[in-house]
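J.: Sharing a structure, written as structure tokens. Questions coming.
The values are calculated or read from the model by the stated rules, or taken from the named source; none is laboratory data. What you are looking at is a predicted structure, and each value in this text was computed from that prediction instead of being measured. Cβ coordinates were reconstructed from backbone atoms using ideal geometry, including for glycine residues, and neighbour counts include every protein chain displayed. Please note that ligands, DNA and RNA were not included when accessible areas were found on the heavy atoms of the full protein model with its side chains. Shrake-Rupley method; radii C 1.70, N 1.55, O 1.52, S 1.80 Å.
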Amino acid sequence: MLQRTKPHPAQQLSLGRRLLRDRVLLLFALPGTALILAFHYLPLLGNVIAFKDYQPFLGIGGSDWSGWDNFAVIFNGDPAFLQALKNTLILTGLQAILVFPAPILLALLLNSLFSERIKRIVQSILYLPHFMSWVIVVALFQQMLGGSGLLNNYLRAHDLATLDIIGNSELFRVLVTSQVIWKDTGWATILFLAALSQIDSQLYEAASVDGASRMRQVWHVTMPGLRGIIILLFILKLGDSLTVGFEQIILQQQAVGRDVSEVLDTYVYNNGVLGGAWGVAAAVGLVKGLVGVVLVLAANKVAHIFGEQGVYSR
């Protein structure tokens, strides 16, 4: 006797009934959705000033259209823009090589701790810098490594040569990268530790029985378990790759000069907000955002080719 298959419960309910059923969840999501719309999506409409000779006292509607004139700094290779682009790409490369792998390595070290109590204490300490503003972080580094900081005062007290670190333009990129590692590495381990907790312990036991060393277990068991989250975060990082820290850099720009510290974000600020070239600044910001979107879509496509889910499924 044939049995009738029951339709999926979601197929029995109309859209109105499902909205009514999930009304509490929807109400909880409403404030966050409103904030995202108000501060992330609605401001995108302001990108129209990239195609206008925008004057604040005239407003967007009263300003004349300028077509592609504001994009001339990009197409014609304005020296200041090219320098900002160069500095941005250098910092992006340093952060991709040094900053992105740091939380993975730290998560592996934390996961190797046998005492859960010690692990929780270490995690709590490592999370703290993330909640500090860049103003505080930069001030701490200046108090430690500045001309009259703790390190140089110690060197003076022992008749040793002082070190010029904070105001040294040659060390600026290394300094910025080290600040990012110090501030955000601990917090970034959360996702990797969560992924590590999902790896079946029996896989490690089987590998140990087969004679695999600790490093072999990490390479053949742990890393495959982390591959999905690593690819996902790397794709998302690509979309943000041309954003290398506005607050962090603008706070230290005066000490080292624009030649080495000017990046695309500070270029937009210095030329738009301070210089009054609103249209040019909006054009550079628009192109930067579009490049980020293209990088995410391209990297996600590559992830699909290699059998990974990526940011979204096919």
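J.: Select from R227, R117, R21 the residue whose mean-square fluctuation is largest in a Gaussian network model of the chain (Cα-Cα springs shorter than 10 Å).
T.: Looking only at R227, R117, R21, the largest GNM fluctuation is found for R21.
J.: Now, a different point. Any idea which of L163, L15, Q309 is furthest toward the positive side of the dipole for the chain, if Lys and Arg beta-carbons carry +1 and Asp and Glu beta-carbons -1?
T.: L15
J.: 7 Å from Cα along Cα→Cβ at both V48 and S112: what's the point-to-point distance in nm?
T.: Distance between the two pseudo-spin positions: 5.8 nm.
J.: Next question. In square angstrom, what is the accessible area per residue of segment 169-225 with a 1.4 angstrom probe?
T.: Each residue of segment 169-225 exposes 60 Å² on average to a 1.4 Å probe.
J.: Cross-link candidates for K183: which aspartates and glutamates have Cα within less than 19 Å, leaving aside residues fewer than 8 places away along the same chain?
T.: Of all the aspartates and glutamates, those that pass the test against K183 - Cα under 19 Å, at least 8 places apart if same chain - are D240, E247.
J.: Sticking with this structure for a sec: Anyone know which of L37, L26, L264 comes out most mobile in the 10 Å Cα GNM of the chain?
T.: Taking springs between Cα atoms under 10 Å, the residue moving most is L26.
J.: What lysines does K301 reach when the alpha-carbon gap must be under 22 Å and sequence neighbours fewer than 8 apart in one chain are set aside?
T.: K237, K288
J.: Any idea of Y154's accessible area? Nearest 10 Å², probe 1.4 Å.
T.: Approximately 130 Å² for this residue.
J.: State the label only: which of [x] 134; [y] 161; [z] 264 corresponds to volume of the Cα convex hull per residue in Å³ computed from the shown model?
T.: [z]
J.: Taking only C-alpha pairs under 8 Å that are 6+ residues apart, what is the relative contact order of the chain in percent?
T.: Details: 274 pairs, mean separation 74.6, N = 314.
This gives 24 percent for the chain.
J.: Roughly speaking, what is the centre-to-centre gap between segment 15-35 and segment 55-107 when only Cα atoms are used, to the nearest Å?
T.: The distance from the Cα centre of segment 15-35 to that of segment 55-107 comes to 37 Å.
J.: If you roll a 1.4 angstrom probe over the protein chains with everything in place, what fraction of the accessible area of the chain belongs to carbon and sulfur, to the nearest %?
T.: Numbers: 13230 of 20200 Å².
Carbon plus sulfur share of accessible area: 65 percent.
J.: Tell me, in nm to one decimal, what length is gained between R227 and L160 on full extension, where the rule is 0.36 nm per residue of separation less the Cα-Cα distance?
T.: Stretched fully, the R227-L160 segment lengthens by 19.3 nm.
J.: Can you work out the accessible area per residue across segment 259-314, with the rest of the protein chains kept in place, probe 1.4 Å, in square angstrom?
T.: I get 50 Å² per residue for segment 259-314.
J.: Further question: Per-residue ellipticity at 222 nm for the chain, helices alone: DSSP H runs ≥ 4 residues times -39500 (n - 2.57), over residue total, nearest 500 deg cm²/dmol? Provide the component values of the computation, followed by the final result.
T.: Details: 19 runs with 194 residues, N = 314.
Counting only the DSSP helices, I get -18500 deg cm²/dmol.
J.: Separate question: Determine the sum of side-chain charges near L251: Lys and Arg each +1, Asp and Glu each -1, restricted to other residues whose C-beta is under 15 angstrom from that of L251.
T.: Charge balance near L251 sits at -1.
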